Amino acid sequence: MREYKKIGVWQTAFLGDAVLTLPLLKALKDRYSDAEIHFFVRAGVQSVFEGQPEITQVRPFAKRGKQKSLNAAVRLGWEIGREGFDLWISTHTSLRSALVAGATGIKRRIGYSHPWYNRLAYTETVDRRFNELAEIERLMELARPLGITGPAPKARLILPEESVLAAARFWETSAFDRPVLGLHPGSTWPTKCWPVQYFSDIVTKATAEGAHVLVFAGPGEEQVAAQVIDGAKADPLRVTNLAGQLSLPDLAAYLGRLDAYLTNDSGPMHLAWTQDVPLVALFGPTVEQLGFFPRGANSTVLQNDGLECRPCGLHGPKKCPKGHFKCMQELTTDRVWDALKVKLGLS
């Protein structure tokens, strides 16, 4: 079987999609242990993967910035093609990704078989089998032409040492004498968000029953975090607002130390489960069957299974198409707390 020395893996979707690619990267490194693996990701998320041992270099792509044009994609492909790569794997079905791949001229290029133009951009294509497989297994299909088959290897997120130390210092300084619950009430898509007051009610329940609550939120989500805390009836000393204060790798390191985590279907959800953090994930407009779910025995997905309108999209629209938002409104705080308190050891 042919050996490869320099492999490029193209995954420039959202943070969670990049995390879901870690088993594929591990499988490639296990097979080609001497190869350099360059991981091309969406600009802004690269810092999360800089401690990953399978990756030689994490390379950001500004798909929403200076590199967003199709001409820029072609130019980037030309530049990559001069770097000596001998294997290229693309996890995307977009025209931009196909243009990058084709322009590289790398001798072996593997991608998905649809849309039709992918067959012009790649030397080999595989079916994505979207309705048959979960996302990790769909990604592993890209390794099949290389003779890599079988179950996806377990891949744990390994963070930069400075972020691990930052989280350790925070826990030491805080001197928590009770279980720590993390909450992340935000998401890029509004319909993926459980109602703010419901999160507030969880803060009330958790602090009353002996937990400390950390509220996480990314840039632009600070107001939501403040609303969650303001709406709770809780001792302020048992709630810490970390909204907008952490880099992505620091956020991941903090999540890794939690006793339990409550989150919408979001990128941080993936940062948590891949570290085996006990979590409860709330799925509204999306469903577990789409394949982008948290894995492992410590992960629990709660969703309203009785609605025929679910899923209403791959990501979830800005507004409920039916106008009732029952997928989240009917997901009760009692049901969520029952799942969380077991993970916190408070049942």
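Before moving on, here are some points about what is shown:
One line per residue, one yes/no per condition, for (1) assigned by TED's automatic domain parsing to the domain that holds Leu25; (2) over 30 Å from Leu214 (Cα atoms); (3) among the polar types (S, T, N, Q):
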| site | (1), (2), (3) |
| --- | --- |
| Asn131 | yes, yes, yes |
| Glu137 | yes, yes, no |
| Lys154 | no, no, no |
| Asp177 | no, no, no |
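- Filtered residue count, the stretch 308-324, keeping only those that are over 13 Å from Asn264 (Cβ atoms) and buried (at least 17 other Cβ atoms within 10 Å of the Cβ): 4
- In the stretch 121-180, the residues that are aromatic (Phe, Trp, Tyr) and closer than 30 Å to Leu258 by Cα: Phe170, Trp171, Phe176
- Pairs, first touching a residue at least 24 places away in the same chain (Cβ under 8 Å) in the stretch 58-73, second of a type in the set (D, E, K, R) and in a loop (DSSP other than H, G, I, E, B), C-beta under 9 Å, six or more apart: Ala73/Lys63
- Leading residue by the ranking (nearest to Ser299 (Cα to Cα)) among those in the stretch 229-260 that are small (Gly, Ala, Ser) and in contact (Cβ under 8 Å) with a residue 40 or more places away in the chain: Ala260
- Within the stretch 276-296, the set of residues being within 21 Å of Arg138 (Cα to Cα) and in a loop (DSSP other than H, G, I, E, B) comprises Thr286, Val287, Gly291, Phe292, Phe293, Pro294, Arg295, Gly296.
To keep it simple, each residue is scored yes or no on (1) closer than 20 Å to Lys205 by Cβ; (2) of a type in the set (Phe, Trp, Tyr); (3) not in a loop (DSSP other than H, G, I, E, B); (4) not assigned by TED's automatic domain parsing to the domain that holds Phe130.
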| position | (1), (2), (3), (4) |
| --- | --- |
| Asp305 | no, no, no, yes |
| Pro311 | no, no, no, yes |
| Lys319 | no, no, no, yes |
| Cys327 | no, no, yes, yes |
| Trp337 | yes, yes, yes, yes |
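- Residue-level check: of (1) over 18 Å from Val19 (Cα atoms); (2) surrounded by fewer than 21 Cβ atoms within 10 Å (Cβ to Cβ); (3) without any contact (Cβ under 8 Å) to a residue 40 or more places away in the chain, Asp86 misses just (3).
- Output for the stretch 168-190, where each listed residue is assigned to a helix (DSSP H, G or I) and modelled with pLDDT under 95: Pro190
The values are calculated or read from the model by the stated rules, or taken from the named source; none is laboratory data. Note that the structure is predicted; figures quoted are calculated from it, not measured. Please note: Cβ atoms are built from the backbone with ideal geometry, for glycine as well, and neighbour counts cover all protein chains shown.
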